[in-house]
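The values are calculated or read from the model by the stated rules, or taken from the named source; none is laboratory data. Bear in mind that the values here come from a model prediction, so they are computed numbers and not experimental data. Positions of Cβ are generated from backbone atoms using ideal geometry, with glycine treated the same way; all protein chains shown enter the neighbour counts.
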Amino acid sequence: MTENEKSGMFDWFRMIAAILVISIHTSPLETINPYADIFLTRIISRTAVPFFFMVTGFYTNLERPKSAILKLTKMYLAVTLLYLPLSIYSGYFSGFSLGKALKMLVFDGYYYHLWYFPACIMGIFIVHFLEKISAKNAFAIAIILYIIGVFGDSYYGIALPPLKIFYSILFSVFSYTRNGLFFAPIFLLLGSILKKTSVKFDPKKVVVAAEISFVLMTAEAFLLKCSNTPRHDSMYVFLIPTMLFLFALLNSVKIRQQPILRKISMWIYIIHPLIIIVLRGISKIFSENFFEKRELLLFILTAVFSFIFSIFAVIITRKARNLYNALHCPTARAWAEIDVNALRNNVEFLRKISPKNSELMPAVKANAYGHGAVLIAQELNKMGVRAFCVATADEGAELRKHGIRGEILILGYTHPAQFPLLRFFRLSQTIVSYEYAKMLNNYGKIHCHIGIDTGMRRLGIRSEEQGKIQRIFEMKNLVIDGIFTHLSADETTSPSDMSFTEQQSERFYNIVESLAESGYYPKVHLLASYGLLNYSYLGGDYVRVGIALYGGVENTKLLPVLSLKTRVTSVRKVYKGEPIGYGLTSVANEDMHVASLAIGYADGLPRALSDGQCSVLINGQRAPIIGKICMDQAIIDVSQMQVKQGDIAVVIGTSGDEMITANEIAARADTIPNDILSRIGSRVVVCKK
Ligand SMILES: *Cc1c(COP(=O)(O)O)cnc(C)c1O
């Protein structure tokens with residue numbers, strides 16, 4: 001048996017513990033024999049909750065308890081919501097105050113059994129910190145806390161008067177010492193110690209020890225009860241050895257784990273008070289106090305119905321979880337992986353080579369060149385980037401909806417019907433022509449950058465039209481934050497490209513100067529990726545980097561940020577002479593093995609790369625694409641390798657020592673990497689590496 005298959009007794013005892021908790025809340029033997037009832041509900045059943053704490057301590061990594069605490073907190077809040085209507089109905093909120101609400105939330109719970117959750121959370125916190133501060137003393141401190149708790153619980157009657165004052169202060173903060181501060185830590189700690197210990201107990205001796213401890217605890221409980229000492233009866237001195245030996249005993253029996261029992265027992269714990277209420281409500285049909293003197297019946301019915309409902313709850317939550325997982329399985333088909341470290345590397349490098357006092361204004365248009373605009377902008381925000389450019393108002397709005405901070409400049413034309421988006425989402429609009437500036441001004445106060453056409457002949461005011469540019473600055477509603485131009489021949493430093501680029505720059509800076517003479521000092525920008533790499537001396541307040549940021553240029557300092565991956569969906573044999581794929585364009589010239597991939601041209605794999613024009617990587621080997629690339633699928637030749645269904649194929653990225661870049665694919669498809677990356681389809685889910 002593996003480690004996981006050993007402690008199955010815990011799962012079975014959880015069920016017993018859950019039933020014992022029901023007995024505490026129904027007193028089944030009350031009418032039959034009050035002493036027997038005390039024995040069952042005040043003594044035997046008092047092992048239930050400590051047991052739950054101990055298994056939690058046993059299975060939780062108390063050094064790194066974050067995930068356990070998060071899970072418990074979510075559960076606590078959900079269960080609290082479930083019980084809130086009931087607790088309001090039952091008067092838990094009479095004399096409501098913030099202090100009381102807080103006290104209930106942190107200690108007592110909003111319904112009588114819910115104290116368990118905050119106690120468990122607080123207990124885990126305490127044990128975590130005790131072990132961190134001093135692992136040696138953690139146990140002693142937990143014992144001291146427990147002893148303090150005992151005198152506020154079953155030994156309350158013999159606490160001396162000065163102590164009573166101390167406790168009255170405590171009880172103004174919480175109702176019982178049976179809580180996360182005094183009760184839970186020792187049991188959580190015991191569970192975790194028993195997990196770590198390698199000492200093998202002799203089962204026979206453990207049985208005897210457990211029996212002796214339990215007899216002593218029984219005697220202790222009855223003595224206290226007869227002398228009327230307890231204020232509450234959850235905490236006994238002999239509960240600790242009893243639990244220790246009981247737990248060791250359960251742990252020594254090696255049977256298979258039953259995870260489903262964990263869930264059912266948890267649901268029984270959560271749901272049984274609700275069942276009790278419903279049963280009492282229904283019983284009123286027969287008589288007002290039907291269950292008086294019929295406690296055993298109430299107990300049995302509660303146990304049975306709690307069990308049935310718990311099974312339903314387990315089935316329903318399991319189905320819901322499976323469906324949720326199915327809907328959120330990003331790597332099931334074709335997906336893009338984003339390497340945030342590569343992105344950071346590129347940001348740092350581009351900042352280093354940027355002109356003095358200029359800031360990055362990354363282009364995150366077209367879904368950040370297929371990288372996922374929101375994800376990329378969020379990461380860039382974390383790296384201190386405070387300006388972005390996009391192509392459309394919708395792209396800008398999308399970023400704002402996801403909390404992206406900083407300036408967002410729309411580089412393209414926005415239809416007047418979308419002007420309200422500019423105001424609402426605080427987007428800056430490019431002025432694409434003089435007429436357009438007037439339309440924007442008529443709409444109302446809008447932040448703008450003026451586009452200057454210095455040679456691209458695409459958008460913006462022609463650089464000769466200085467007068468118009470001046471007049472735009474005078475328009476009363478427009479807030480002109482910047483002016484910019486775009487270089488059309490910055491990809492190389494060949495003499496012709498360089499002279500054209502410098503001409504564009506000169507035209508642009510002439511305008512900047514004349515504006516300064518008129519007292520206008522907008523931010524200025526003209527460099528995109530290649531401009532920055534080749535002509536950084538042209539300066540500017542912003543650099544609008546796109547493809548360089550994503551590592552899509554030939555530069556050893558810039559790393560590719562995106563990997564495009566997919567899965568093998570089927571592997572089959574094809575015989576010599578058989579055609580493969582649409583249109584009979586590829587024919588097997590010998591017996592071969594082919595595999596299908598879950599990626600096609602709708603996902604951004606250019607159809608032009610059909611019939612062997614490109615390869616994908618599987619286990620570090622190149623597999624050529626054969627036949628025509630389909631809309632959702634592609635076929636590869638895997639005759640030279642071992643491949644099975646579900647294997648990952650890398651379309652862009654590395655595998656073993658092999659690497660395929662967006663540039664390589666672009667070159668094969670006779671285009672640029674920007675084209676390849678921005679074409680990645682919306683069906684491709686983006687996730688972090
Ligand atoms: C897309 C775009 C950029 C970014 O271009 P890269 O070459 O990818 O850096 C910069 N400025 C304008 C106006 C753009 O349209």
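Looking at the range 473-502, which of its residues are in a loop (DSSP other than H, G, I, E, B) and more than 16 Å from the ligand (Cβ to nearest atom)? Matches in the range 473-502: Met475, Lys476, Asn477, Ser494. Selection of the range 276-297 for residues being touching a residue at least 60 places away in the same chain (Cβ under 8 Å) and within 43 Å of the chain's Cα centre (by Cα) yields Ile276, Ile277. Restricting attention to the range 111-170, the residues that are outside any helix (DSSP H, G or I) and farther than 20 Å from Val237 by Cβ total 5. Criterion first (in contact (Cβ under 8 Å) with a residue 60 or more places away in the chain and closer than 22 Å to Ala221 by Cα) does Thr26 satisfy it? For Thr26, the condition - in contact (Cβ under 8 Å) with a residue 60 or more places away in the chain and closer than 22 Å to Ala221 by Cα - is met. On inspection, Leu323 does not qualify as assigned to a helix (DSSP H, G or I) and surrounded by 13 or more Cβ atoms within 10 Å (Cβ to Cβ). One residue stands out among those in the range 490-537 that are in contact with a helix residue (DSSP H, G or I) (Cβ under 8 Å, 6 or more places away or on another chain) and among the β-branched types (Val, Ile, Thr): the one that is surrounded by the most Cβ atoms within 10 Å (Cβ to Cβ), which is Thr501.
Determine, yes or no, whether Ala78 is in contact (Cβ under 8 Å) with a residue 60 or more places away in the chain, closer than 21 Å to Val278 by Cα and assigned to a helix (DSSP H, G or I). It is false that Ala78 is in contact (Cβ under 8 Å) with a residue 60 or more places away in the chain, closer than 21 Å to Val278 by Cα and assigned to a helix (DSSP H, G or I). Just one residue in the set Leu40, Leu102 is loosely packed, with under 15 Cβ neighbours inside 10 Å and either part of a helix (DSSP H, G or I) or not aromatic (Phe, Trp, Tyr) (or both); that residue is Leu102.
Of all residue pairs spaced 6 or more apart or on separate chains, those with beta-carbon atoms under 7 Å, a first member in the range 480-508 that is hydroxyl-bearing (Ser, Thr, Tyr) and a second member that is in a strand (DSSP E or B) and crowded, with 23+ Cβ neighbours inside 10 Å are Thr485/Ile452.
Which residue out of Gly552, Gly546, Gly539 is in contact (Cβ under 8 Å) with a residue 12 or more places away in the chain, more than 40 Å from the chain's Cα centre (by Cα) and within 16 Å of the ligand (Cβ to nearest atom)?
Gly539
Sub-8 Å Cβ pairs linking a first residue in the range 522-536 that is part of a helix (DSSP H, G or I) to a second residue that is more than 13 Å from the ligand (Cβ to nearest atom) and at pLDDT below 95, at least 6 apart or interchain, number zero. Filtering the range 564-571 for residues that are within 16 Å of the ligand (Cβ to nearest atom) and of a type in the set (A, V, I, L, M, F, W, C) leaves an empty set.
Does Glu464 count as assigned to a loop (DSSP other than H, G, I, E, B), among the acidic types (Asp, Glu) and more than 15 Å from the ligand (Cβ to nearest atom)?
The answer is yes for Glu464.
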